[in-house]
Amino acid sequence: MWANESILYKLLMPSNFSAFENLAKSAAVIALNNFEWRFTTFVFYNMTILYGIDYFVKKYKKTLILSNGHFYPRFAENIHQYILFDTNLTNIAQMLKWMDKRRFDNTGKYIIICLSNNDCDEAEAVNIFWNYKIVNVVLLKTGQSTNETDVFSYFNEKYDCKSVRPIKLDNWHSCLFINDEKCIEMFPLKLRNLQSCPITVSTFKQKPYMTITNGVPSGADGDLLILIAEKLNASLVLRTPHRGFGWGKLEDDGTWSGSLADVYYNLANFSMTSASITLSRFSQFQMSMDYNTVSVVWVTHPSDLESPSLKLMRPFNFEVRIALAVSFIVIVILAIFVKSKCSECVFRATKTIRPRRSLVFYSWELCMGLPSTKLPKNSAFLYVVLFWIWYCFLVRTIYTVFLIKALKTNKYRSDLLTIEDAIAANYEIGGGPALKDYYIDEPTIYNRWINLESNEIFPTMLNISNGQKFVVGVNTETFKLFQRNLSVDLHKLPQKVISSPTVIFFNKFSPLVAPINTILTQLIEAGFTSKLYKNYTKSKYTSRSSGKKKAINLVHYTGCYAILIGGWIMSLIFFILELIVGRSRSSS
């Protein structure tokens, strides 16, 4: 058995095995100095070159997966470093096609070894790499001398967007083991300088984030986009969605619409629309680091104005109203006690004449501020009356202070507090299609959801302000902008829908993600993103409760007369009851 394996090994060993050995050792040195050891390396090879693979494995000695096309990892997109061994570019192109079909990460680090002396043209190779959007790549091939290894890459600082040209790495030679410094930093960050090449961005008008005037963006996202383009040294080309409107969504037929469709179908390099993150977007697109946060809230129409006649009761909150009611109940209890038989022994013992007037009636007069013509001579009753006068004076003074503010402001009736309250009140519910995904586990909301495109949000909110029974989910800044521009009142439910980080959306494994993330990190740390956001989202809207000063009308006195008359009626009732009780006692 071992003899057969030895014979097979010798048969597979190429005639120029020294060149193969140099290529394999050079690839191992590059991998050891540039790959991250915490990641698994995927080695893809041709069965005819087992001799070179053997040399590489002995030198590398790190975690790796060997495959000849019959096996690939289940989670291929989580592997970020690759070694490819083959004899010619035709086979290498087939390897890359196989990997692309299985969604391997084309933005990872690639070391590609081409063993043929005749069919490894570097110019053709870099065109193949760019066809699969692989930029972090080095190509190893045998040099003019079989003892040398030539190493090529592309996309340096002299990048020309009109053509893709190979670049031979200087001072490389064979990357001798005694001088490994030549192998360090073989994968610099690419596409940081696009040399004024065009970069296409899909977006749409969305104040205060994006405004487009003669092809020039502005707004919180617009200014940030200009800064990114300047840092990339790229010429910016804007486009609006070719299919559908707004952010876009995954349609029922499996296709994408909106701005995300431009990215998905390679009509734009990325989408910048301050879109929130959903499961479908996360699974189908690559995302940049988050640079802002968008809060989505429920918005509906404000409730009706409370009657001005009720403003007189507003200075008293619920606890104070209870305290005042208890005060008058004490007066009523005292009046009942004075008129009862139990009080006769008390008045006889103290030789005090029982009051002839109604205590409730008399107390109400003092509370309303009417003058007291007579005071009791008994010191105990006198102190009680004086305490009551002081108590009523204190209440009236505090009440008058707070009444001034209450008369100046309008109060609305109880608003909706939760989306469940809106459902119970039979309100319609809707918003952007992406927001619907957040309620997929809540059928009461999901099944009655009405999808609204971005160009339908403002007209819907205008209808809501006119009384339409509709609750719409919008981001907070759009809600503030609507109120500020149209001076229209809307009610924001205290219940928040979601706070989502905003990101830039790319196609899966886009080579632009890394350089743009680097730029975003610098802009965020310098405070540019937060400053732009504050500049364009600063609201000057005056809330509905702080309107202009208005004159007091007759309707404002309605509550005053109602309270006054109500007190007189209650006092009169007790006065009559006291007369009836007195006559019944005198007759007995």
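The table for this structure:
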item: Residues in region 483-508 that a label on ARG448 would reach, taking backbone N under 20 Å of a point 7 Å out along Cα→Cβ; result: 491-498
item: Label-point separation, VAL330 to THR90 (7 Å along Cα→Cβ), nm; result: 10.6
item: Relative packing of peptides 463-476, 482-495 - highest average C-beta neighbours within 10 Å first; result: 463-476, 482-495
item: Extension reserve of the ARG38-ASN517 stretch, reckoned as 0.36 nm per residue once the Cα distance is removed; result: 170.2 nm
item: For PHE381, solvent-accessible area (1.4 Å; no DNA, RNA or ligand), Å²; result: 60
item: Protection proxy ranking, peptides 425-431, 24-30, 126-132, average beta carbon neighbours within 10 Å, highest first; result: 24-30, 126-132, 425-431
item: Shape metrics for region 233-278, restricted to C-alpha atoms - Rg then Dmax, Å; result: 11.0, 39
item: Residue list for region 51-77, given a label point 7 angstrom along the Cα-to-Cβ vector of ARG102 and an amide N cut-off under 17 Å; result: 64-77
item: Note, ³J(HN,Hα) from phi for region 230-235, Karplus 6.51, -1.76, 1.60, rounded to Hz, x at Gly and Pro; result: 5, 5, 7, 6, 10, 8
item: Added length on full extension, which subtracts the Cα-Cα distance from 0.36 nm per residue, LEU189 to ASP441; result: 86.5 nm
item: Per-pair calculated FRET efficiency, R0 = 35 Å: ASP253 and LYS168 via Cβ, rounded to 0.05; result: 0.10
item: Pairs beyond 23 Å (Cα-Cα), from LYS59/LYS101; LYS207/LYS538; LYS101/LYS436; LYS205/LYS538; LYS62/LYS97; LYS436/LYS496; result: LYS59/LYS101; LYS101/LYS436; LYS62/LYS97
item: Distance between modelled label sites at GLU77 and GLN495, nm, 7 Å Cα→Cβ extension; result: 3.3
item: Solvent-accessible surface ranking, highest first, for THR537, THR293, THR107, THR444 at 1.4 angstrom; result: THR444, THR293, THR107, THR537
item: Protein-only accessible surface order, largest first, of ILE450, ILE331 at 1.4 Å; result: ILE450, ILE331
item: Compactness of region 88-146, expressed as Rg and Dmax over alpha-carbon positions, Å; result: 11.5, 37
item: Label-point gap, in nm, between TYR265 and LYS538 - each point 7 angstrom along Cα→Cβ; result: 4.2
item: Förster-model FRET efficiency, 25 Å R0, VAL384 and ARG583, C-beta, rounded to 0.05; result: 0.40
item: Exposure of CYS114 as accessible area (Å², to 10), given a probe of 1.4 Å and all protein chains; result: 0
item: Most to least accessible of PHE155, PHE387 (protein chains only, probe 1.4 Å); result: PHE387, PHE155
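The values are calculated or read from the model by the stated rules, or taken from the named source; none is laboratory data. Predicted model only: the values in this text are computed from it and were never measured. Cβ: placed from backbone, ideal geometry, glycine included. Neighbour counts: every protein chain shown. Quick note on the areas: whole protein, heavy atoms, side chains included, nothing else; ligands and nucleic acids left out. Shrake-Rupley method; radii C 1.70, N 1.55, O 1.52, S 1.80 Å.
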